[in-house]
1. Restricting attention to the stretch 179-189, does a residue exist that is at pLDDT below 95 and buried (at least 21 other Cβ atoms within 10 Å of the Cβ)?
2. Determine whether the stretch 70-79 contains at least one residue that is in contact with a Ser or Thr (Cβ under 9 Å, 6 or more places away or on another chain), open to solvent by less than 40 Å² (accessible area, probe 1.4 Å) and under 15 Å from Leu30 (Cβ atoms).
3. Being within 21 Å of Pro17 (Cβ to Cβ) and in contact with a Leu (Cβ under 8 Å, 6 or more places away or on another chain) is the filter here; which residues of the stretch 56-88 pass it?
4. Only residues that are open to solvent by less than 30 Å² (accessible area, probe 1.4 Å) and closer than 22 Å to Lys161 by Cβ: list them for the stretch 104-127, please.
5. State all residues of the stretch 17-55 that are open to solvent by less than 30 Å² (accessible area, probe 1.4 Å), small (Gly, Ala, Ser) and at pLDDT 90 or above; if no residue qualifies, say none.
6. When you go through Phe38, Phe64 one by one, which is the residue that is of a type in the set (A, V, I, L, M, F, W, C) and in contact with a His (Cβ under 7 Å, 6 or more places away or on another chain)?
7. Evaluate the stretch 8-23: report whether one residue or more is over 29 Å from Arg112 (Cβ atoms), part of a loop (DSSP other than H, G, I, E, B) and among the β-branched types (Val, Ile, Thr).
8. Inspect all residues belonging to the stretch 82-92 and state whether any of them is assigned to a loop (DSSP other than H, G, I, E, B) and either open to solvent by 20 Å² or more (accessible area, probe 1.4 Å) or touching a residue at least 12 places away in the same chain (Cβ under 8 Å) (or both).
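The values are calculated or read from the model by the stated rules, or taken from the named source; none is laboratory data. Because the structure is predicted, anything quoted here is derived from the model rather than measured. Cβ placement follows ideal geometry from the backbone for every residue including glycine, while neighbour counts extend to all protein chains displayed. Side chains are part of the model used for accessible areas, which takes the heavy atoms of the whole protein and leaves out ligands, DNA and RNA. Shrake-Rupley method; radii C 1.70, N 1.55, O 1.52, S 1.80 Å.
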Amino acid sequence: MSGTSAALTPPDHAVAPVRHPDAPAPGELLGAHYGQCFGCGGEQPHGLHLQARAGEDVSITAEFTVQPAHQGAPGLAHGGVLATALDETLGSLNWLRRTIAVTGRLETDFVRPVPVDTVLYLEAEVTAVAGRKIYSRATGRIGGPDGPVAVRAEALFIEVKVDHFIDNGRPEEIQAAMNDPDRLRRARALEVNP
């Protein structure tokens, strides 16, 4: 990354991330953490419908296809949509650690335009952990894992308790998520982004 801020540099006492023993196996599809999530939810007609898979250690891969509804300039993905894809991918890493965390900081480099109908292939990994702070990075490539780099990001996530969502979310959505009979979906519904 060019010009990474000091806030995204792990401190000397940071440790290597540890994958939770119950994390999905490498190659396993993670699925949406919440149906209404713009990044990964299937209930959002114009959402990204990002599909993430567990990787080795504390890493994931993800893909989404840029749709006409994701345009900024004619025929090109909106930069905010690309930042959302990076944020969603980075946030999904926390599922491999079984940690509830929110985005504290996200710095993005836009390297090249991403045309509509392009598949953006993303790779992300947690690089370090220091207390409640989780440091990570991601790269998005056009067309596949060997395609040209289009976007890069570094992020800082902050571990929170479930009360963060209960205290700040709309009560009807929080209650619906908490009442989901599927234990894993219920746990994942409150996992990423402030």
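1. Yes.
2. No, every residue in the stretch 70-79 fails to be in contact with a Ser or Thr (Cβ under 9 Å, 6 or more places away or on another chain), open to solvent by less than 40 Å² (accessible area, probe 1.4 Å) and under 15 Å from Leu30 (Cβ atoms).
3. Answer for the stretch 56-88, where residues must be within 21 Å of Pro17 (Cβ to Cβ) and in contact with a Leu (Cβ under 8 Å, 6 or more places away or on another chain): Val58, Ser59, Ile60, Thr61, Ala62, Leu86, Asp87, Glu88.
4. Val126, the sole residue that qualifies.
5. Ala23, Ala52, Ala54, Gly55
6. Exactly one of Phe38, Phe64 is of a type in the set (A, V, I, L, M, F, W, C) and in contact with a His (Cβ under 7 Å, 6 or more places away or on another chain), namely Phe64.
7. yes
8. There is no residue in the stretch 82-92 that is assigned to a loop (DSSP other than H, G, I, E, B) and either open to solvent by 20 Å² or more (accessible area, probe 1.4 Å) or touching a residue at least 12 places away in the same chain (Cβ under 8 Å) (or both).
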